[in-house]
Amino acid sequence: MSALLFSLYLLVLAAELCLEWLNLRHLRQRAGEMPAAFAGAIDPQLLRRGEEYTVATTRLGLVETLAGGLAMAVFLFGGLLPLYDRWVSALSDSFVFGGVLFFWGVLLARLLLGLPFRLYHTFGLEARHGFNTTTPRLWLADLAKSTLLSLLLSGLLAAGAFWLVSRTPQLWWLWIWLLFALFTALLMYVSPYLIEPLFFKFEPVRRPGLEEELRAMTQKTGVAVSRVLQVDASRRSRHSNAYFTGLGRVKRIVLFDTLLEQMSDGEILAVLAHELGHWKRHHILKRLLAAELLFLAAFYLAFRLIEGGGLPPLLGMAEASFAAQVVILSFLAGLAGFPFTPLGSWLSRRHEWQADRFASDLTGHPDQLASALIKLGRENLANLHPHPFYAWFHYSHPPLVERVERLLAQRSRTS
């Protein structure tokens, strides 16, 4: 069984690598081809820069995927998991504290393995293509804060979960699901006040009249927004974005200062109208509910599999701690979920199309959203020629050229 599982893992890994290679090959075949909707907005030199950036990021991703795949194979199939499991068990005989230590070790190992790639991505690739603005000192400060925060939150969550397992051996799957659901909701509620300010500086939008226009638009849709803020994203990167954050009465509109520099008021309103579309169409609520139902089923299945005792033999282990069996379950979930990736991608793209349509109807200017998307693609050196199959499989947003062409077609029908 271990050999069969290893073969399946290699098959999934090979499929992922083939998809990346297919996307790169398609880009090379379409190199230098300017989409009609982008003519005049992007010059040939900038188009080549975007292609080079896509190639560079994809190659880095391929190397990271290979390195991560090798590390996973060695850990699970090379005998390291039982060694690590026994080592942690020797450190503590406490079920709860031992479980926390187990996952802290896994988290730190993943961090250390990914550190060289994060360093190269920021100070090599991003700097070479003109995006990086962070300093080593700021990068290290962010790393320290994010690591400590991850250890704290994961430790609290793991401690609560293992305590529930020890106290409710037959119903822990239900109580842990409830714990995770409440924890997620709480995190979404408090993150704008407690977590995001640890990394970014937020302040009221300084552009005259823009906040009033944004508030008028939100009132028109009936979405209550507590604050409209801009964030100092330019301290770290020249990439641009905008988003909603928070739940209930703490919903906030956040604009990157880089976005404010790049776009007109009308374009910014169109981008925010798209985000309002997600709220009005209840996309976020639907995704949360779907995720929670999926997690509930997953926790119950995990309970049945652990109770059955069949997980350790899958990796040739005679026995394994509860924490080690959770790692095995996570690995199996990744394999089982891979074929369903296109379904999640399709549902996400469907929501994006609906939000685009909502923004066009709300503002009455689909060309403004099209113009904003063109600028986002230009400033972020987006890939304008993804392979259709790769986009179908992986893209959570419709390909940029398709979105712009559809918006411009809407403008033609309404003009």
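Each reported figure results from applying straightforward, stated rules to the coordinates on display, with no laboratory input. In this text the structure is predicted, and so the values were computed from the model without any measurement. In this analysis, Cβ positions are derived from the backbone assuming ideal geometry, glycine residues included, and neighbour counts consider all displayed protein chains.
Scan the chain and report its longest stretch carrying no trypsin sites (Lys or Arg not before Pro) that are both in a DSSP loop and have at most 16 other Cβ atoms within 10 Å.
It works out to 31-200.
How big is the stretch 26-135 on each of its three principal axes, counting only the C-alpha atoms and giving the largest first in Å?
Extents along the principal axes, in whole Å: 67, 33, 22.
In this model, which of Lys251/Lys375; Lys201/Lys375; Lys145/Lys220 are farther than 29 Å apart at the alpha-carbon?
Over 29 Å Cα-Cα: Lys145/Lys220.
If you take every DSSP beta bridge fully contained in the chain, what fraction is antiparallel? Give it as a percent rounded to 5.
Of all bridge pairs located within the chain, approximately 55 percent are antiparallel.
Can you pull out the chymotrypsin sites (Phe, Trp or Tyr not before Pro) in the stretch 60-94 that DSSP calls coil and that have at most 13 other Cβ atoms within 10 Å?
none
Taking the beta-carbon count within 10 Å as an exposure proxy, list His385, His26 from fewest neighbours to most.
His26, His385
Under 1.5 on a/c is rounded, so check that first for the stretch 137-220, then, if it is not, pick prolate when a/b is larger than b/c and oblate when it is not; a ≥ b ≥ c are the square roots of the alpha carbon gyration tensor eigenvalues.
Oblate shape, in that a/c is at least 1.5 and b/c is the bigger or equal ratio.
Please give me, ordered by residue number, the GluC sites (Glu not before Pro) of the stretch 295-366 that lie in loop per DSSP and have at most 15 other Cβ atoms within 10 Å.
Sites meeting the loop and neighbour criteria: Glu319.
Å³ per residue of the Cα convex hull, for the chain?
150 Å³
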